[in-house]
Every structure is written in structure tokens, then in C-alpha cells.
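The values are calculated or read from the model by the stated rules, or taken from the named source; none is laboratory data. Only a predicted model underlies this, so the values are computations on that prediction, with no experimental measurement involved. Please note: Cβ atoms are built from the backbone with ideal geometry, for glycine as well, and neighbour counts cover all protein chains shown. The area values use the complete protein model at the heavy-atom level, side chains included, leaving out ligands, DNA and RNA. Shrake-Rupley method; radii C 1.70, N 1.55, O 1.52, S 1.80 Å.
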Amino acid sequence: MQQKTDPNWPRFVRTPEAARLLDLSPRTLEKHRCEGTGPVYRKLGGRVVYSVADLEAWVRASARQSTSERATVLPIGGQAAGAAR
């Protein structure tokens, strides 16, 4: 029986699954990777993998309120930095 990895270890997915999670085509994700505009990725051997946490961070960083400014995004389960408690 295979041992489970440490639950704190990041979960990695390959390009097709990352694209499904982001609702993008794998080719679009590959273009983002080449242009440096996509989520952080890693090369393990010859394989490109993404951590699910990095995909989530890329989505949060992409939030916009208008075409000219970024949105104020609350951390998952928390308040915005500097918010009154």
C-alpha cells in the first residue's frame, strides 16, 4: 500500500488539469507560460506542473474592479489588510 504524502505538501497538477481548473484551454495556459503572464509553474524532469495554491494566487491577483484599476480582494476567509476589526 502506498503511503500518503504529508497533507501540508502542495498538490501539483499538469497543464491539462490546471487549464480545466482555470476554465482555459491548455494552449492558452501554454501561451501564458511562454509570455510570462501566467501562474507560477515548475519543471520536474521534463514535466510542467502547477501547484493548486499558485493557480489560486494567480486568480486572486487577476481581480479587477475596472479596466484601469485592480480590485481589493479579501484573502480567503479573512479581511482586507488594514481593515478595521
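Structure data summary
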quantity	calculated
Accessible-area order (highest first, 1.4 angstrom probe) of the listed residues ARG70, ARG42	ARG70, ARG42
3J(HN,Hα) from dihedral phi, region 58-70, Karplus parametrisation 6.51/-1.76/1.60, rounded to Hz, x for glycine, proline	5, 5, 4, 5, 8, 5, 9, 9, 8, 6, 10, 8, 6
Segment VAL52-ARG64, length gained on full extension (0.36 nm per residue, minus Cα span)	2.2 nm
Where labels lie 7 Å past Cα in the beta-carbon direction, separation of LYS31 and ARG14 in nm	2.3 nm
Gain on full stretching of the segment that runs from LEU24 to VAL40 - 0.36 nm per residue minus C-alpha separation	4.2 nm
